[in-house]
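Colleague: Handing you a structure now.
The values are calculated or read from the model by the stated rules, or taken from the named source; none is laboratory data. These numbers were taken from a predicted model, which means no experiment stands behind them. Because the Cβ atoms are built from the backbone with ideal geometry, glycine has one as well, and the counts that use them run over all protein chains shown.
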Amino acid sequence: MKSLAGLGVGMVFPPPMRFIGGVIEKLQRHPKRIVFPEGTEPRVLQAARQFHSLRLGVPILLGERAAVKEAAAALNVSLEGIRIIHPQESPDLDSFVRRFEMLRRSKGIQEAEAREAMIKPNYFGAMMVGMRQADGMVSGTNEISGSVLRPLFQIIKVAPQTTTASSCMVMEVEDSRFGERGVLFLGDCGVIPDPTVEQLADIGMSTARLARQILGTKPKVAFLSYSTRGISTQPAVLKVKAATALAQQMAAEELFEADFDGELQVDAALIPEIAARKLPDSKVAGRANVLIFPDLNSGNIASKLIQHIARANAYGQILLGLDRPAADVSRGSNAHDILGVAAIIGLQSIEYQRLYPGAGEHLPGEL
């Protein structure tokens with residue numbers, strides 16, 4: 001694999017790099033096209049330069065061409081091998097407008113409104129992915145989540161055999177005793193504030209599928225709560241118990257190999273010594289590599305605590321359950337984070353139909 005050092009201005013790759021290095025190696029064998037709507041953002045420019053230099057595929061930057069070139073020159077970042085598309089000047093704009101108008105016809109959208117939306121980079125980028133002109137999209141460095149998610153949900157929709165669009169964070173901590181050699185998948189940390197039983201089970205399945213694809217090992221999924229297999233009749237605990245049972249049923253019906261357990265406290269899920277005392281017969285307790293949180297509050301708080309206090313490498317939000325791969329990165333992301341997310345999105349796209357059977361078979365709006 002090509003060295004990660006010295007390929008971009010100001011790029012710092014914090015240790016450890018075990019996980020993302022493996023993702024990069026896999027993607028180098030099947031390069032992909034990733035669209036970055038925030039084409040003048042310095043962190044995005046640096047990540048795009050790395051993406052091309054590491055032979056991961058073609059990065060596509062959206063933005064006014066002169067502005068992108070000026071921003072790159074200020075950073076001394078080469079644009080060789082990087083595509084630049086200005087939505088307002090694209091020959092695809094008219095067809096994208098017509099497609100979007102058709103998609104939003106039930107909402108009464110007219111041609112002028114569709115055009116106004118489609119010249120916005122996030123809408124244009126989502127349509128590029130929907131129309132198979134890009135294999136995935138990464139945005140969010142300067143946008144609130146709604147500005148990234150809204151175009152995706154309006155254009156891409158949820159994947160077949162899935163009812164829930166959610167997200168997960170991929171965390172790599174220095175202590176390899178946690179998760180799968182230090183790698184943990186956390187869901188949902190960015191989309192659904194208070195999931196129902198069915199949504200929580202769907203989140204567990206989608207996150208487990210991604211973990212299986214990326215890690216190549218059997219997911220061990222812990223549905224988290226403030227109690228461990230207790231007798232509580234609190235609605236929040238009962239929801240977690242029911243979601244665990246439903247996820248087990250869904251996995252059995254799909255012949256998807258994964259272990260599920262819940263409700264579990266996070267220490268019982270992660271620490272073998274505590275698991276041995278509380279749940280000695282569990283296949284998940286003490287060995288979990290997928291953590292499913294009961295609500296968005298707990299998931300988002302926990303992911304940011306791990307990232308900043310444990311100084312973990314954090315990659316996300318990886319969007320799950322959509323018909324095409326995409327990510328909504330944090331506004332606090334650095335260039336290394338963005339590169340890692342782009343690599344994960346590219347790797348997702350290689351076998352996306354195995355993650356979501358039937359995904360990507362139709363263009364937006366087709367039956």
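Colleague: Does GLU41 meet the test of being surrounded by 15 or more Cβ atoms within 10 Å (Cβ to Cβ) and in contact (Cβ under 8 Å) with a residue 24 or more places away in the chain? So that I can check it myself, show each step before the final result.
Modeller: Working: surrounded by 15 or more Cβ atoms within 10 Å (Cβ to Cβ): yes; in contact (Cβ under 8 Å) with a residue 24 or more places away in the chain: yes.
Yes: the conditions hold for GLU41.
Colleague: I've got another one for you. Return the residue satisfying two criteria in turn: it lies in segment 293-311 and is closer than 20 Å to THR228 by Cα and among the small types (Gly, Ala, Ser), and of such residues it is surrounded by the most Cβ atoms within 10 Å (Cβ to Cβ).
Modeller: Within segment 293-311, the match that is surrounded by the most Cβ atoms within 10 Å (Cβ to Cβ) is GLY299.
Colleague: Would you check if LYS69 is within 18 Å of ALA326 (Cα to Cα) and among the charged types (D, E, K, R)? Don't jump to the end; show me each part of the working.
Modeller: On the way: within 18 Å of ALA326 (Cα to Cα): no; among the charged types (D, E, K, R): yes.
Taking the combined requirement at face value, the residue does not satisfy it.
Colleague: Just one of LEU215, LEU296, LEU264 is in contact with a Ser or Thr (Cβ under 6 Å, 6 or more places away or on another chain) and in contact (Cβ under 8 Å) with a residue 12 or more places away in the chain; which is it? It would help to see each step written out before you state the result.
Modeller: Values: LEU215 fails: in contact with a Ser or Thr (Cβ under 6 Å, 6 or more places away or on another chain); LEU296 fails: in contact with a Ser or Thr (Cβ under 6 Å, 6 or more places away or on another chain).
Being in contact with a Ser or Thr (Cβ under 6 Å, 6 or more places away or on another chain) and in contact (Cβ under 8 Å) with a residue 12 or more places away in the chain holds for just one of LEU215, LEU296, LEU264, which is LEU264.
Colleague: Moving to a separate point now. Considering segment 210-230 alone, what residues qualify as being polar (S, T, N, Q) and in a loop (DSSP other than H, G, I, E, B)?
Modeller: Restricting attention to segment 210-230, the residues satisfying the condition of being polar (S, T, N, Q) are 213, 217, 225, 227-228.
Across segment 210-230, the qualifying residues are THR217, SER225, SER227, THR228.
Colleague: Mind checking which residues of segment 105-131 are surrounded by 20 or more Cβ atoms within 10 Å (Cβ to Cβ) and farther than 18 Å from GLY39 by Cα? First the steps, then the outcome.
Modeller: So in segment 105-131, the residues surrounded by 20 or more Cβ atoms within 10 Å (Cβ to Cβ) come out as 114, 117-118, 121-130.
Correct list: ALA114, GLY130.
Colleague: Inside segment 216-247, can you point out the residues that are of a type outside the set (S, T, N, Q) and within 20 Å of ASN289 (Cβ to Cβ)?
Modeller: Initially, segment 216-247 is screened for residues of a type outside the set (S, T, N, Q), giving 216, 218-224, 226, 229-231, 235-243, 245-247.
Of everything in segment 216-247, those that are of a type outside the set (S, T, N, Q) and within 20 Å of ASN289 (Cβ to Cβ) turn out to be GLY216, LYS218, PRO219, LYS220, VAL221, ALA222, PHE223, LEU224, ARG229, VAL240, ALA243, ALA247.
Colleague: So, one more: Failed condition for VAL284, given (1) over 28 Å from LEU27 (Cβ atoms); (2) in the same structural domain as HIS52 (by TED's automatic domain parsing), with all others met?
Modeller: (2)
Colleague: When residues of segment 233-261 are filtered for being in contact (Cβ under 8 Å) with a residue 24 or more places away in the chain and basic (Lys, Arg), how many remain?
Modeller: Counting residues in segment 233-261 that are in contact (Cβ under 8 Å) with a residue 24 or more places away in the chain and basic (Lys, Arg) gives 1.
Colleague: I would also like to ask the following. Listed residues THR162, THR233; which is modelled with pLDDT under 95, part of a loop (DSSP other than H, G, I, E, B), in contact with a Ser or Thr (Cβ under 9 Å, 6 or more places away or on another chain) and surrounded by fewer than 24 Cβ atoms within 10 Å (Cβ to Cβ)?
Modeller: Numbers: THR233 fails: in contact with a Ser or Thr (Cβ under 9 Å, 6 or more places away or on another chain).
None of the others qualify; the one that does is THR162.
Colleague: On to the next question. Name the single residue, out of those in segment 177-202 being of a type in the set (D, E, K, R) and out of contact with any helix residue (DSSP H, G or I) (no Cβ under 6 Å at 6 or more places or on another chain), that is surrounded by the fewest Cβ atoms within 10 Å (Cβ to Cβ).
Modeller: We begin by selecting, within segment 177-202, every residue of a type in the set (D, E, K, R); these are 177, 180-181, 188, 194, 198, 202.
Imposing the further condition that a residue be out of contact with any helix residue (DSSP H, G or I) (no Cβ under 6 Å at 6 or more places or on another chain) reduces the set to 177, 181, 194, 198, 202.
Values: ARG177: 10, ARG181: 17, ASP194: 12, GLU198: 14, ASP202: 27.
Among residues in segment 177-202 that are of a type in the set (D, E, K, R) and out of contact with any helix residue (DSSP H, G or I) (no Cβ under 6 Å at 6 or more places or on another chain), the one surrounded by the fewest Cβ atoms within 10 Å (Cβ to Cβ) is ARG177.
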